[in-house]
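In what follows, a single structure is set out as structure tokens and then discussed.
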Amino acid sequence: MNLKKRPRRLRAGAEIRRMVRENHVRVDDLIYPMFVMPGKGQKAEVASMPGVCQYSLDEFVRALSEVVELKIPAILLFGIPESKDALASGAYHEHGIVQEAVRLAKAHYPSLYVITDVCLCEYTDHGHCGIVRDGVILNDPTLDYLARTAVSHAAAGADMVAPSDMMDGRVGAIREALDEHGFEQVPIMAYAAKFASGFYGPFREAAGSAPQFGDRRTYQMDPPNGEEAMRETALDVEEGADLIIVKPALAYGDIIYRTKERFGLPVAAYNVSGEYAMVKAAAANGWIEEERVVMEALVGMKRAGADLLITYHALDAARWLNRG
Ligand code: PBG
């Protein structure tokens, strides 16, 4: 064969493959989601997410030392409150579980970047992300509660807030409230394209946030819709989003790609709980090689255009990357 072009030349050995590699996962890309709960001396592994735990505050601080040691730059905080009510009062209480966790994290590790998830679903007794009246999840009345939540997180010392509720207009409402309270330097990482996904199942066990009636389809996006994701993201950008989250990640590579191309803002891919659970379950059965599959999935998100990776695999990934 008289072949001039032979792509295999650049795959012939480990060195040349390393030299022409186009994308890389770095420890600096990683954001580790963590769950905090009341109590003392508690570290409860989430059954459907092996390796992921709900921590009481003292255990949370202990766990942070590992995050910092591994040089993971950021965590994303979720709270499990003492009690829930219709108005999600635990979400914006000055001494709520997330607010206290933020204070502790910043006191012990000032250079760890602390991001908080801003939503009501972990704090409402009905488990929805907004205020409910007559079985309807109300949009506009919810905005004030979200804004108060974001301000309370910033007041506790959060470096960045990440609204995940999918109410219309919430990024603008949160931006305005943050600015009013002197937090104009706190960026908003908006879950802009967040789909109503079956992949969130294990998270709802971890955060105790499953809706008690109905589902989230009236506010989270319909999975088949890509154009709508662009319109939804454009609104968040207009309203002041500094970074964009696409969620879930694995089945949504096109959305990651289009978001990066169209808006040019930093994009975070959220490698969600169900995606994590599938890998862990298959690996535990010996059906796939965990490290290889995790790193392939993460670099795939980078190749699609993600700058940041929110992933429950962060500790393992950092260990593997630091090992070189
Ligand atoms: C809260 C929220 C959810 C997730 C992040 N923030 C749950 C949901 O929307 O039901 C899911 C994260 C995951 O599955 O890892 N609204």
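Below are the figures for this structure:
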| quantity | calculated |
| --- | --- |
| Fraction of beta bridges assigned by DSSP in the chain that are antiparallel (%, nearest 5) | 15 percent |
| Region 146-277: C-alpha gyration tensor shape, a/c 1.5 cut-off, then a/b vs b/c | oblate |
| Average Cα contact separation per residue, the chain, under 8 Å, 6 or more apart, as relative contact order % | 18 percent |
| Solvent exposure of region 225-276 as accessible area per residue, Å², 1.4 Å probe | 37 Å² |
| Which of Leu265, Ala314, Ile288, positive extreme of dipole for region 259-324 (C-beta unit charges) | Leu265 |
| When the chain is reduced to its Cα atoms, the Kirkwood hydrodynamic radius in Å | 20.3 Å |
| Cα lying deepest toward the dipole's positive end in region 29-118, options Ser111, His95, Pro81, charges on Cβ | Ser111 |
| Antiparallel DSSP beta bridges within region 1-115, percent to nearest 5 | 20 percent |
| Dipole of the chain, positive end: most advanced residue of Met221, Val132, Gly51 [Cβ charges, Cα centre] | Gly51 |
| Cα centre as origin, Lys/Arg/Asp/Glu Cβ charges: region 104-163 dipole, Debye | 200 debye |
| Of all accessible heavy-atom area on the chain, the percent that carbon and sulfur account for (1.4 Å) | 51 percent |
| FRET E, pair Ala196, Arg319, Förster distance 35 Å, beta-carbon r, rounded to 0.05 | 0.55 |
| Sparsely packed chymotrypsin sites (Phe, Trp or Tyr not before Pro) within region 218-324, loop by DSSP, other Cβ within 10 Å at most 12 | Trp287 |
| Sorted largest first, extent of region 281-324 alpha carbons per principal axis (Å) | 31, 22, 17 |
| Cleavage-rule hits, trypsin sites (Lys or Arg not before Pro), region 198-266, DSSP coil, Cβ neighbours within 10 Å at most 15 | Arg217 |
| Residue-count net charge about Pro141 - beta-carbon cut-off 14 Å; Lys, Arg +1, Asp, Glu -1 | -2 |
| For region 285-324 versus region 77-151, the gap between their alpha-carbon centres in whole angstrom | 29 Å |
| Label-point separation in nm, Ala107 to Ala14, each point 7 Å along Cα→Cβ | 4.7 nm |
| Rough spin-label spacing in nm, given labels placed 7 Å along Cα→Cβ, for Ser65 and Glu22 | 4.4 nm |
| Helix-only [θ]222 nm of the chain, DSSP H runs n ≥ 4, -39500 (n - 2.57) each, per residue, nearest 500 | -12000 deg cm²/dmol |
| Label-point gap, in nm, between Glu228 and Ala282 - each point 7 angstrom along Cα→Cβ | 2.8 nm |
| Over region 249-324, volume per residue of the alpha carbon convex hull, in Å³ | 86 Å³ |
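The values are calculated or read from the model by the stated rules, or taken from the named source; none is laboratory data. All values reported here derive from a predicted model rather than from experimental measurement. Positions of Cβ are generated from backbone atoms using ideal geometry, with glycine treated the same way; all protein chains shown enter the neighbour counts. Accessible surface is based on the protein model in full, side chains and every heavy atom, while ligands, DNA and RNA are left aside. Shrake-Rupley method; radii C 1.70, N 1.55, O 1.52, S 1.80 Å.
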